[in-house]
Structures are given as structure tokens and as C-alpha cells.
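Structure first, then comments.
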Amino acid sequence: MRSFADMNPAAVTVHLLLTACITIFCMEPLLLGISLLCAVTFYLVKNGGANRGFHLFALGVPALFALLNPLWNQHGTTVLFVLNDRAVTAEALCYGAVTGIRLAAVLYWFRIFSELTDSEKLFYLFRFLSPRIAMVLSMAIRNLTLYREQMKKIRQSQKALGLYREAHLIDDIRGGVRIFSVLLTWALENGIITANSMTARGYGTGRRSSYTTFRWHMRDAVLLGVSLVLAAVCIRSAAAGAMHWEFYPVCDAPPHGLLWFAGVGAYLLLSLLPLIYEGKEALTWHRLRSRI
Amino acid sequence: MASLAFSHLTAAYPEAQKPVLRDVSFSLETGEFAVLCGATGCGKTTLLCFAKRELTPRCTHSGTVSFCGKPVESLDARTAASQIGFVMQHPEQQIVTDRVWHELAFGLENLGTEQAVIRRRIAEIASYFGMEDWLTKDPSALSGGQKQILNLASVMIMQPALLLLDEPTAQLDPLAAAEFLTTLQRLNRDFSVTILLAEHRLGAVIPMADRLLIMDDGALSADGTPREVLRKLPEHAPVMAGMPAPVRLFRAVGGTGECPLSVSDARRTLLPQFSDRVRELPEPAPRPETAPALEYAGVYFRYARRGSDVLSDLTFSVQTGELYCLIGGNGAGKSTALALAAGVLRAYAGKIRVFGKKIEDYKHRTLHQECVTLLPQDVQTVFLKNTVAEELSELDRDYAQTLRDFPFDLTPLLPMHPYDLSGGQQQIAALAKVMLTKPRLLLLDEPTKGLDANSRQMLADVLHGLTAQGVTLLVVTHDIEFAAEHADRCGFLSQGALISSDTPRRFFSENVFYTTAVSRMTRGKYDGAVTVADAAALMQQNGREERLT
């Protein structure tokens, strides 16, 4: 069964970034609520009940923020009660709650992004910026692994040799410095062999091509196109101020005109896209499997 | 047409007193499998590099090297890169990227090949080399043998007509080496790739080769089919010690007819020439029993709590002053057993005693003071300084005095950078450094890995010198010929337990599969012959079979 994670990383990334960014820049409680609800649902669908710690963090911290905001924030006109000579206002409470929801939604979207993206997909994305940087990054990661392993080997063999004569902190630090300096020498020697291996395979003989294991399918193009159109509608609506709430001095919602409906509707669809895709694939899979 | 032709190539590195290559001329036909051998430092690598445009050494040189009739330096850059493949010795350092598929794609990317073509080639090559399962892996997670196969595949994907290999199996264990060579032979037969392979472990290679080239101090001293060359090769040529056991036995007893290259050759043609009235050499006097230096008693170890046991009920002991060789396949737990004795790892059950004292009772790093040291597989990790002399004076200012009994003259090595030494010299320098901690028990992990026959002999002499001084040696090795020739006792480790342990002669003549080439050759005709010297002595005592016709 295909899933949203198997779509082309570029399309997935564009979709998730748009969804998260609109959440960041919009101050419309309904839109933020939709965003949080969709993100949490998608996350639960993908992960089940696992990662309780993350849920606690992503919901707890914003909740705390929402509760604490009225304590610092003295703006607003509707006083609910007075605590330690400070007025706690309904507006500050609302503002805190909405910002909290926004924060939680963004945390969930980024968490989803990081779970759908591994290092290989990240490289693929880098290739769009510059294939050269992607190549250098790939080599750097490889070398870091090599250095870490060599460091471990050197430390272990020095330990078994009895290089550290006494259980001494100073001695340990000195040993560490020596190991680091010899690792530099080793890295240079190592680099020469790698460089030879690269030129021997024609590195630098002219224009390179850049191979990736990801491909573009029609579905990726559709996802990208739909995401862009929906986000455009949403941004158009937000730019016109149709979705901007004012909280201070009093809560003030913009009029629910056509632009408001278009904006919120487009966002609803946009943040539902991953779930819609998963649902459609689950149905297809169910139908296909019943034929086996 | 000749695929590769050297004509009167002479070359010298700047500031070197003598040329590294002297008047080298030979040519290889398309599809030929040629093996180039010679002692370390005789110029094999330089010769190979001259055939690879991108790696041509910065030497002054005369003479030409041509590929398919064209001088190598006049080849177009992309042709040179793709048509001539080069595989080097170190599996790890040749790998460029962090994914197996990316490594395979790397060469084709450099040539600007299209996506669709690269995808197809990767799929093809992965299936040919049987590496589909590891395509998405990180190369550092592969075994040494797999890494080297990956290096070969990422060169082959560019469809070279000529493949140059510089000691590609030196860092591999025998099983992985055999697999690599078989793959090479398959490439040679299936695609008629011309192969020039520099190698010093010749046992498995020579029977595969069409041509044997021998280098001696920068010049080609012999060139021809293996049988031809080996028949004429002088007895004391430096490369002789590295030849396969059947060849050495043939030469040692002065056999007649064709020179046998493999065990089956020798059984068919060489052994029938001798009679078998004396079937066995007298048993050498047993080594007097001494107190145990290292004892394992019911030792269990695993790396992770939920993992499986690497050592399970390991029980054996090494006597003071003996050279004990521990052999066994990959993952049998050999290196782990050493690490436990060196105090690097800790067993979860069972006891290890070093000189009668439990290993946990050596407090505050006293275990490594004048007691036990471990020389790891990768000896480069022993060195931290810029010269061998600094390296030694770091541990002991007065190292000359402490090492006066060291059975090797270190003077020429002292001013050199440890990384510039040859493999054998590195081993010996590391041994010298280790000896400064005055260990009474020395643990060695694969000391003969990557060494040519002469360095191996040099190392063996040093080890014997140390045991004569009363040092106990526990050597973990894959090199069964080394164990047969030099050990006092051998032990076979399998699945974390010691299966058998005996003197090499009894040990290897009772083993059937895991034994020396000589033992496999003489089986059924002579008893207890495990080394070339054993077999030669027996055959000479018996004399030639008188044919009554």
C-alpha cells in the first residue's frame, strides 16, 4: 500500500511547508483549530498511540503558554478577576489560547515533516538548490562516520596498550588531544585515497548528472498543483485581512464574507490532503486485496 | 590488438637515487587475466598507476604506455576514466558517498549519464553482483568483503575494458578474498575484461591466471604463463615464499614434469612420483608444561542485553611462554575473546585469569602495566606521533635500553613517519612500542593481514624471539599456513566455544576442511604432514618411486 510518505519528497515538502507557514502567519481561530486537528489526526493515523512524550510536550507546552499569558499580559478590557493586584482579562486568555493552538499545530506539522523525511530525501531536496552541495554533504556525512569510527578504534587500542597509565583526568585529556591530532593526519591520508578513487572514476571530467532514486509521477504533480492553488487562495484571503482577528482591546472577528469562506475552506482542504490521500489509498488497497 | 602495452618504461621519483621502474615492456591481449607479483616496494603500484591516466605518478619517465594502441596520456578524459578501471587496496577509503546506490551511480554521474540509464545500470549490476539487498544501506555498515565488491561494482558499472587492481584482497579474510577473486574471474570470462592484478597472496590467484608477471626491484624479471614462469623461477627468488604450497613443494623436492598449481594438480602429478614407505615424521618432543598465563573458564559474552551470545562457555588456557594461535571463521568470537583478556570488554559470566589472578582484581589500570597488552588489527591506531622514535620515547625515554633485546634492528625505522612504513614494518614498529610496556602476555589480532611473504617471515622471527624471552603470545589469525608453521599450539573457535586445541601437526592433520593446503595434498599418503617443510622432508626420505616396467 502506498502512503503519503512515498510521494515525491519535493511535493510533500512543499505541501507541508505551505500548511505550516499559513498556520504561523494566520490569526484566525477556526483555521488554527482545523490545522491542529488535521495535524494531530494525521500524526495519530501514522503513529498510533506511540510517542506519548511528544504529545505531552506538543500539547502541554502550548497549554501552559495559554494559561500563563493572561498573567503577564495586562491588555484587554474585560476583567475576569484580579490576582495579586493584576487584572486577568478575557482577551488575554483568548489570545493565549489561540497562540497556544497555533504553536501546537506548528509543532505537529514539523514533527510530521521530520518523520516523513530521512537523510536521503533531504539530499534529494538539496539537489534542487545545488547538486554540488548535495554531493559535498553526502561525502561529509560519510567522512564523519569514518572519523567517528577511527576515533573509537584509536581510543580503544590506546586503552588496551596502557597509554593512560594512571586513572588521571589530566592524563585522559592529554590522551584525547594526541588522539585528535593523529586523527587529523589519518584524515588527510584517507582523503588522498578517496580523492584518487574519485578522479579514477572520472570526477571533474565535465558536466555531471545527478542521479536520484525518486521519480515524478502524475500523483506528485497533482499534489503539488493542488497544494499551490489552495495555498494561493488562502494567502489571497489572508492578505486581504479576511482572516485576521484583533484581540486587544476587545476581541474583534473580521466579517464572515466570501473571502473568509474561501480562505478557511481552502485551508481545510489543504490540511486534509494527507488524510484524504491516505484514506483513498486505504480504500484502493482494501479493494485490491479483496481480489487476491 | 593489445589491450595494454608497456614499452621500455623507465621512471624515477624526483630526488630518488634509483629508478622505481626499469625498462618495463610487456603487453596484454584483450581478455587476458594477468597477475603481477613482487615483494613490497618493488614498484607494482607505480606500474599500475602508469596505466591509469588520472593517477599517473609525478615521475620523470621515458618509454610509453598505451591502451588499445593509443598512448594513455593522449586519451580523452572520459574515455580514460570509464575504459580503465582501478580498484585499490583499502576497501573503506575508496568509497566516496554515504549510500550504496549513490556509490554505484557516482561514476556514471561523473560522465553525465542520463537518469534512466543510470537506473537501469544500477539494477543490472546489483543483480549481477548479488547486492540488491544492500542497495539502500550505508557502506560503513557493510563487511570488508562487501565493501570491496562494492568498489569493484562501482568501477564495473562504467563498463571498463581494462581492470587494474592493486592488492584488492590484502585487507580481506580468506573467505571474502576467495569470493572477490571468483567474481573477478567471472567478469573476465563473461565480459572478456582484461585484468592486471597486483597481488602477493598467490595461493588462489595463480590457478586462475593466464599470465604471470614477476617484478624484482623495478624490473620485470619474468613474464609468461604461470607454469612456464614457475618452472624457471630461481629457487631463492624473493617472490618464491609467497607462491602456492604445491609450487613450493614441487620446487623443494625437485619434482619433474609440469609444475602443479593447485592441490588437485599436486595430488595427480607430484605425489605419485614419490614412494610412501615412511608415512610419518617422528613426533617432535612435546613442549614442557608451564604455568598457565591466561585461562578462560566458562566465559559467556554478548554485546547487547537482548543480543545473542558471541562467546558461550569458552574454556581454554594458554601456557606461559608459548605461541598460541586461535583460528576460526568470521564472527566466531576470536577478536572478542582477545578484547576480554585485554580488559576492554567484560564477560557476563565465567572467569578469566591472567597469571593466576582474576581479571577484575587488577585495579586502576594495573592490568596494562607490565602485564597484558593488545595489539589491534588496525595497527595504525597504535601510532600517535610523527616519527617512530618519538612514538617510542613517548612511552619510555630510555627506549633503546629497554628494547636492547628486541629481536629486530629498529634503527632504520626510527626517523620515519609511522604511516610511511610498509605493512610489515608497521606491525614490527607497533610491536616494539607495545613491548615498552613490558608485557608478559601479548595479544595479537590478525598480525599477518596484508603482509607479503617476506614481511610475514620477518614478523614470525620477531615473535619467536619474543617467546624465547619468555613472553606469552596469543595470536588470533585467519592465516592457517602461518599458524601451522609457527604456533606451539592451535585452537579452533566456532560459535563462541573452543572446539579443539592441539599442536599444529596433530591439529591440522585431524581437521578435514579447515586445514593447510599441504595437509589436503598429502592426506591418505602421508600422516601428519602439514607444512611444506614437513612434506618435503618426508618425500626426500622416501625417495622417488621406482617404476618397474
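Tallying residues that are surrounded by fewer than 23 Cβ atoms within 10 Å (Cβ to Cβ) and within 13 Å of chain A (Cβ to nearest Cβ) within the stretch B:385-425 yields 11. State the number of residues belonging to the stretch B:330-341 that are outside any loop (DSSP other than H, G, I, E, B) and either more than 15 Å from B:Gly307 (Cβ to Cβ) or in contact with a Ser or Thr (Cβ under 7 Å, 6 or more places away or on another chain) (or both). Qualifying residue count, the stretch B:330-341: 7. Against the conditions (1) at positive phi; (2) in contact (Cβ under 8 Å) with a residue 40 or more places away in the chain; (3) in a loop (DSSP other than H, G, I, E, B), B:Asp23 satisfies every one except (3).
Residues in the stretch A:191-223 that are over 30 Å from A:Ala5 (Cα atoms) and small (Gly, Ala, Ser): A:Gly191, A:Ala195, A:Ser197, A:Ala200, A:Gly202, A:Gly204, A:Gly206. Would you point out which residue out of B:Glu15, B:Glu32 is surrounded by fewer than 23 Cβ atoms within 10 Å (Cβ to Cβ), touching a residue at least 24 places away in the same chain (Cβ under 8 Å), acidic (Asp, Glu) and more than 15 Å from B:Ser62 (Cα to Cα)? Of B:Glu15, B:Glu32, the one residue that is surrounded by fewer than 23 Cβ atoms within 10 Å (Cβ to Cβ), touching a residue at least 24 places away in the same chain (Cβ under 8 Å), acidic (Asp, Glu) and more than 15 Å from B:Ser62 (Cα to Cα) is B:Glu32.
At least 2 residues being within 21 Å of B:Pro284 (Cβ to Cβ) and touching a Lys or Arg at 6+ places or on another chain (Cβ under 8 Å) is the threshold, and among the strands (runs of 3 or more DSSP E) wholly inside the stretch B:466-549 those reaching it are B:497-502. Taken together, the residues in the stretch B:68-88 that are under 25 Å from B:Pro168 (Cα atoms) and within 14 Å of chain A (Cβ to nearest Cβ) amount to 13.
Yes/no matrix, rows are residues, columns are (1) part of a loop (DSSP other than H, G, I, E, B); (2) closer than 30 Å to A:Leu122 by Cβ; (3) within 14 Å of chain B (Cβ to nearest Cβ):
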{"position": "A:Thr213", "(1), (2), (3)": "yes, yes, yes"}
{"position": "A:Asp220", "(1), (2), (3)": "no, yes, no"}
{"position": "A:Cys234", "(1), (2), (3)": "no, yes, no"}
{"position": "A:Gly241", "(1), (2), (3)": "yes, no, no"}
{"position": "A:Pro255", "(1), (2), (3)": "yes, no, no"}
{"position": "A:Leu272", "(1), (2), (3)": "no, yes, no"}
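Scanning the stretch B:484-498 for residues that are under 12 Å from B:Leu463 (Cβ atoms) and crowded, with 22+ Cβ neighbours inside 10 Å yields B:His486, B:Ala487.
Just one of the numbered conditions (1) modelled with pLDDT of 85 or more; (2) at negative phi; (3) at the interface with another protein chain (Cβ under 8 Å from one of its Cβ atoms) is not true of A:Arg178: (1).
Within the stretch B:217-235, being in a loop (DSSP other than H, G, I, E, B) and touching a strand residue (DSSP E or B) at 6+ places or on another chain (Cβ under 6 Å) holds for one residue alone: B:Gly218. Residue count for the stretch B:432-450, restricted to those that are in a loop (DSSP other than H, G, I, E, B), under 17 Å from B:Arg397 (Cβ atoms) and either of a type in the set (S, T, N, Q) or away from chain A (no Cβ under 11 Å) (or both): 1.
Take the stretch B:266-279 and flag every residue that is under 31 Å from the mean Cα position of the chain (by Cα) and either within 30 Å of B:Gly491 (Cα to Cα) or of a type outside the set (D, E, K, R) (or both).
B:Ala266, B:Arg267, B:Thr269, B:Leu270, B:Leu271 - these are the residues of the stretch B:266-279 that are under 31 Å from the mean Cα position of the chain (by Cα) and either within 30 Å of B:Gly491 (Cα to Cα) or of a type outside the set (D, E, K, R) (or both).
Within the stretch A:142-164, if we keep just the residues that are surrounded by fewer than 17 Cβ atoms within 10 Å (Cβ to Cβ) and within 16 Å of A:Thr194 (Cα to Cα), the residue that is farthest from the other protein chains (Cβ to nearest Cβ) turns out to be A:Tyr147.
Of the residues making up the stretch B:362-379, those that are more than 7 Å from chain A (Cβ to nearest Cβ), in contact with a helix residue (DSSP H, G or I) (Cβ under 9 Å, 6 or more places away or on another chain) and part of a helix (DSSP H, G or I) are B:Leu367, B:Val379. Residue by residue through the stretch A:244-264, note down the ones that are charged (D, E, K, R) and either touching a residue at least 40 places away in the same chain (Cβ under 8 Å) or surrounded by fewer than 13 Cβ atoms within 10 Å (Cβ to Cβ) (or both). Answer for the stretch A:244-264, where residues must be charged (D, E, K, R) and either touching a residue at least 40 places away in the same chain (Cβ under 8 Å) or surrounded by fewer than 13 Cβ atoms within 10 Å (Cβ to Cβ) (or both): just A:Asp252. For the stretch A:197-211, check the following and say yes or no: at least one residue is of a type in the set (Lys, Arg) and either in a helix (DSSP H, G or I) or more than 7 Å from chain B (Cβ to nearest Cβ) (or both). No: zero hits. Checking each residue in the stretch B:295-329 for being surrounded by 20 or more Cβ atoms within 10 Å (Cβ to Cβ), among the aliphatic types (A, V, I, L, M) and not in a strand (DSSP E or B) picks out only B:Val310. Is it the case that B:Val344 is within 14 Å of chain A (Cβ to nearest Cβ), touching a helix residue (DSSP H, G or I) at 6+ places or on another chain (Cβ under 9 Å) and either polar (S, T, N, Q) or assigned to a loop (DSSP other than H, G, I, E, B) (or both)? So B:Val344 passes the test.
Scanning the stretch B:89-148 for residues that are surrounded by fewer than 18 Cβ atoms within 10 Å (Cβ to Cβ), within 7 Å of another protein chain (Cβ to nearest Cβ) and assigned to a helix (DSSP H, G or I) returns B:Gln115, B:Ser140. Only one of the listed residues (B:Pro272, B:Pro246, B:Pro238, B:Pro260) is in a helix (DSSP H, G or I), out of contact with any Gly (no Cβ under 7 Å at 6 or more places or on another chain) and buried (at least 17 other Cβ atoms within 10 Å of the Cβ). That residue is B:Pro246. Considering the stretch B:347-361, the residues that are of a type in the set (Gly, Ala, Ser) and part of a strand (DSSP E or B) include one that is farthest from the other protein chains (Cβ to nearest Cβ), namely B:Ala349. Just one of the listed residues (A:Val136, A:Val45) is of a type in the set (A, V, I, L, M), outside the structural domain of A:Glu28 (by TED's automatic domain parsing) and part of a helix (DSSP H, G or I), namely A:Val136. A:Phe81 fulfils the conditions (1) touching a residue at least 12 places away in the same chain (Cβ under 8 Å); (2) outside any helix (DSSP H, G or I); (3) not aliphatic (A, V, I, L, M) except for a single criterion, (1).
The values are calculated or read from the model by the stated rules, or taken from the named source; none is laboratory data. Keep in mind the model is a prediction, meaning the values are calculated, not measured. When we count neighbours, we look across all protein chains shown, and the Cβ atoms used for this are built from the backbone with ideal geometry, even at glycine.
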